[in-house]
Every structure is written in C-alpha cells, then in structure tokens.
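What follows is calculated from the coordinates using simple rules that are stated; it is not laboratory data. Model, not experiment: these values are computed from the prediction. Quick reminder, even Gly has a Cβ in these numbers, built from the backbone with ideal geometry, and neighbours come from all protein chains shown.
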C-alpha cells in the first residue's frame, strides 16, 4: 500500500460549502485502489463555520492531522478591517509554517510516496510546494476552481500573490488537475509549455454512492401541481433568478401556468430578503417558497421527492460545474437548467440527457423551455432508464483516475 499526503484546508468539521466532499471522496476510495491517504488539515478554530456532524463523514480508518491556523478576518482584524498584505496568498497564510513542520514529520513517519493538495485555499498549495521542494516527493496539485474565479479581487495583495503562486504551481507540480475541461483549456492557453508536457489533467467532481443509501425509489408519472426544487446558494452575479421570477409572474398573469400547475422551492438560497422583494413584486409568492437550510441528507431526500430539479449557472461560470449537478444526476429527476449554453455544465447535462437547457437571462427562452418542461413532467418520464448511465460521474470513478495519476508520478 503506497501512501499519499493529502493537504486540504477544507475538511470536516468545516461547514463552508461542498468543497470538502472532493477530498472526502478520494480519501474514501483510494485505499481500495492501492493508496492510503494521510490527511493534513487545519484546526477547527480556523474555519468560519463548523458542523460536528460532518466529522461522521470521515472514513473510519482515515488518519487526519490538524495544525494551527488563524483566519485573518476573524482573528487578526480590528473592527473587521485588516491590512491587505496580511492575506498573502489568502486569509489563512498562518497555516503555512505549522503545516510544513507537521507535513515533514508525517512524511518521515509514514514513508509518504506522493503529495496531493487542493485549491482553494492557495495556502494548501504553498504547503505542498514547500514540502515537495524539501523532500523531492512528486506533487499533484488540484484546482477545484480556477484562481481567477476564487481570489478576493478587493485585495490587490492577495490577487498579486495568488497569481504568482498560480505560476509556481503550474511550473513545479508533477501534474495539475482540474474539475472541468473548460478550466483545463483556460490554463493550457495561459501555460502552453505545461500543456505540451501533458501535465494538465481533468478529474471531474461527482457524487458518492454512500450518500444515497436508503434513498426512496425514483419514480415518475406524478400529477400536477409539480414541485421544482433548487438546493443551494443563488446570487446576483452569475446565479441570478430575476429573469426566472419575471417569467413566473408573466405565466401567472397570462393564465398559462400558476400554483395549480407547479410550485418552486428555493432551499438555502441566501439573500432571502432581496429575493422575497422580487417575488412579491412579481406576485408569485403562491408559487415560490424560500426555504431555510437543512442537512445534506435532508436536502437529498427533498430532491428525490421532487418532480423536477432547478439549476442556475450563468455563462460567467461556463468553465465550472456546480457540485450539485452530480447530486442531481444521481437523484435522477428531470432538470430545468438555466445555464450558459456553451459551458461545461451544459455539456454534462446534454451528455446525461433528461434536462431542459435555457439561458439564465433570456426571458423568452425561459418561458418556452419551462412550458416544455412542465409538459414533459406531465408525460411521466422514464427515470429508471436514465439511472443506468450515470456511474461515470461517481466519486469512485474519479478516485480511480487519481490513483492511476499517482501511480504515474511515483517512480
């Protein structure tokens, strides 16, 4: 059994979105593929939000080591303000020295064969870079998001630092992994030499089958009013539901569709006060419900009970695929997707089928597509046929790719 040191800031008990799920998926499946993961993360105090229940997600035999780190915004600011140079390359730069010291100990103690790190946070790559240079171990750098979409644009020090580190990572990592083809193409254009050396790889995100144990059986053929569910954050820049709200109001006024035909649940959308004002202006409060956050398990059960699933992902994020897409595919319900038509999310949904795709901000196309989607639901789609083709988007499938990649870089 070979061993890989996995450097990941986002790891349970962190409760900062779904970024930790990728590391967990690899840690869960790598042992059966010949690689034992040793995880190096930060202490819980470094995380803005934690959920102790997330600790149950860590595989039973996975060894996790945590080191000191401070959040500059919470621990080192005065009245919420701090000097920008303190967040180079990010607000958790204090994790770097302690993580390097612990990493050196773990490398010696466990006879580590390779290093893997995941961004964001860039400090994770800084730690991995230092360890790789000190020990000569091969390093695989994982980018869950492109740097351009994740860096704090309001802090010029952080922007400049992350750009410098982006170049170092691409120059020194044995392989650099991206979650979408579009992200990899973007980096290949910016770093052609690395691309020519075949050091850029795509390993998509995915779903973990363990999360879907004891889920209700997928079935179709329900009658109206249909329930459409969106699970997760919405925001004005890139996931703006305004055009969708406007179309719902128009359909209601024209009598083409209304609460007797379908209901919409926006679960844990954030900015609820702003969206409630829009909902009230469009007079669709009897159609749209802004629902509070629930656990991941409850969210999956709600998706499984819905008739259709909603996705908002504008063209600004054409080179990203939300983690919820893979959950949606595994749940198996039809998807109404307001997405960039030429983006990676649209590509996955076209390949999977069972989805209606419309632009996020085109009211005419949204109206036409939504009416087609409701007709499709009324016909009772064959959902079981769709289920047979989605295994390639599982986390295990991604772990197989990572294990092969680690085998390649270890001489």
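Comparing 199, 395, 175 in a Gaussian network model of the chain (Cα springs below 10 Å), the most mobile by mean-square fluctuation is 199. With R₀ set to 25 Å, the beta-carbon distance separating residue 190 from residue 389 gives a calculated FRET efficiency near 0.15.
Between the helical axis of 95-110 and the longest alpha-carbon principal axis of the chain there is an angle of about 70 degrees.
Computed over Cα pairs, the Kirkwood radius of the chain leads via Stokes-Einstein (1.567 mPa s, 4 °C) to a diffusion coefficient of 57 µm² per second. Once fully extended, how much extra length lies between residue 209 and residue 285, figured as 0.36 nm per residue of separation less the alpha-carbon to alpha-carbon distance? Length gained between residue 209 and residue 285: 23.8 nm.
Normalising the average separation of contacting C-alpha pairs (under 8 angstrom, six or more residues apart) by the number of residues puts the relative contact order of the chain at 15 percent.
A straight line joining the Cα centroids of the range 105-146 and the range 13-82 runs 15 Å. Against the main long axis of the alpha-carbon atoms of the chain, helix 363-379 sits at an angle near 80°.
One Cα centroid belongs to the range 164-195, the other to the range 319-360; the line between them spans 25 Å.
Which angle between 0 and 90 degrees, to the nearest 10, do you get for helix 296-305 versus the longest principal axis of the chain when only C-alpha atoms count? Taking Cα atoms only, the helix is inclined about 30 degrees.
Could you please rank 261, 6, 184, placing first whichever residue has the fewest other Cβ atoms within 10 Å of its Cβ?
Neighbour counts put them in this order, fewest first: 261, 184, 6.
Each of residue 233 and residue 298 was given a label point 7 Å from its Cα along the Cα-to-Cβ line. The distance between the two points is 2.0 nm.
Across all Cα pairs in the range 211-391, the calculated P(r) in 10 Å bins from zero up to the longest distance comes to 10, 40, 40, 10, 0 percent per bin. Cβ crowding within 10 Å, taken as a proxy for footprinting-reagent exposure, orders 187, 82 from fewest neighbours to most as 82, 187. Each residue in 11, 262 was given a count of other beta-carbon atoms within 10 angstrom of its own, and listing them fewest first yields 262, 11.
Projecting label points 7 angstrom from Cα along Cα→Cβ for residue 401 and residue 76 puts them 3.6 nm apart.
Of 296, 41, 132, which has the largest mean-square fluctuation in a 10 Å C-alpha GNM of the chain? Highest fluctuation of the listed residues: 296.
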